Amino acid sequence: MNTNEVAQKLVELCRKGQYTEAQAELYSPDIVSIEPAGSPMERAEGMEAIKAKAQQWENMVEEVHSNEISEPVVAENFFSFAMKSVVTFKGMRKQTIEEICVYEVKDGKVVKEQFFFTPAPM
């Protein structure tokens, strides 16, 4: 797959809430994930770390009320999209998280993801 095809497929799967499937199909085994300082998991490397990060997220979230994902913007080996989620974390009030998600693609697989948002106080 080229970068545009990877971007379209990732957006499609994420809009359906199929994050695990997206990672299994589209991510490199050597994936690097970066989140802002102060996030529960600022850096994860490799698929096992990505799976642990996903499990950590699931353990923190009580309910996802909505999730909106923009169309991707593609340039060479990179793409990005905006994501807006309304979630309730366990023991907390409902809140809105808005972020920019940036991805790097090599040999048809996502090799790096980086998320830009203001971490919520936990």
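The values are calculated or read from the model by the stated rules, or taken from the named source; none is laboratory data. Quantities reported herein were computed from a predicted structural model and do not represent experimental measurements. With ideal geometry, Cβ positions are generated from the backbone for all residues, glycine too; neighbour counts draw on all protein chains shown.
Summed over region 26-41, the residues that are surrounded by fewer than 13 Cβ atoms within 10 Å (Cβ to Cβ) and either modelled with pLDDT under 95 or touching a Leu at 6+ places or on another chain (Cβ under 7 Å) (or both) give a count of 3.
Filter region 9-20 for residues that are touching a residue at least 12 places away in the same chain (Cβ under 8 Å) and of a type outside the set (Val, Ile, Thr); which is surrounded by the most Cβ atoms within 10 Å (Cβ to Cβ)?
Checking each candidate, the answer is Leu10.
Here is a check on your reading of the model: is Gln23 part of a helix (DSSP H, G or I), surrounded by 15 or more Cβ atoms within 10 Å (Cβ to Cβ), under 12 Å from the mean Cα position of the chain (by Cα) and modelled with pLDDT of 90 or more? Taking the combined requirement at face value, the residue satisfies it. For region 59-71, the criterion of being out of contact with any helix residue (DSSP H, G or I) (no Cβ under 9 Å at 6 or more places or on another chain) and closer than 14 Å to Pro119 by Cα is met by at least one residue. Number of residues in region 70-115 that are within 20 Å of Glu58 (Cα to Cα) and touching a Cys at 6+ places or on another chain (Cβ under 8 Å) equals 4. Of all residues in region 74-94, those that are surrounded by 13 or more Cβ atoms within 10 Å (Cβ to Cβ) and more than 15 Å from Cys14 (Cα to Cα) total 7.
Mind checking whether some residue in region 33-40 is acidic (Asp, Glu) and either over 24 Å from Pro119 (Cα atoms) or free of Cβ contacts under 8 Å to residues at least 60 places away in the same chain (or both)? Checked region 33-40: no residue is acidic (Asp, Glu) and either over 24 Å from Pro119 (Cα atoms) or free of Cβ contacts under 8 Å to residues at least 60 places away in the same chain (or both). Kindly indicate the residue of region 1-20 that is outside any helix (DSSP H, G or I) and not hydrophobic (A, V, I, L, M, F, W, C) and also nearest to His65 (Cα to Cα) among those meeting that condition. Top of the filtered list is Gly17.
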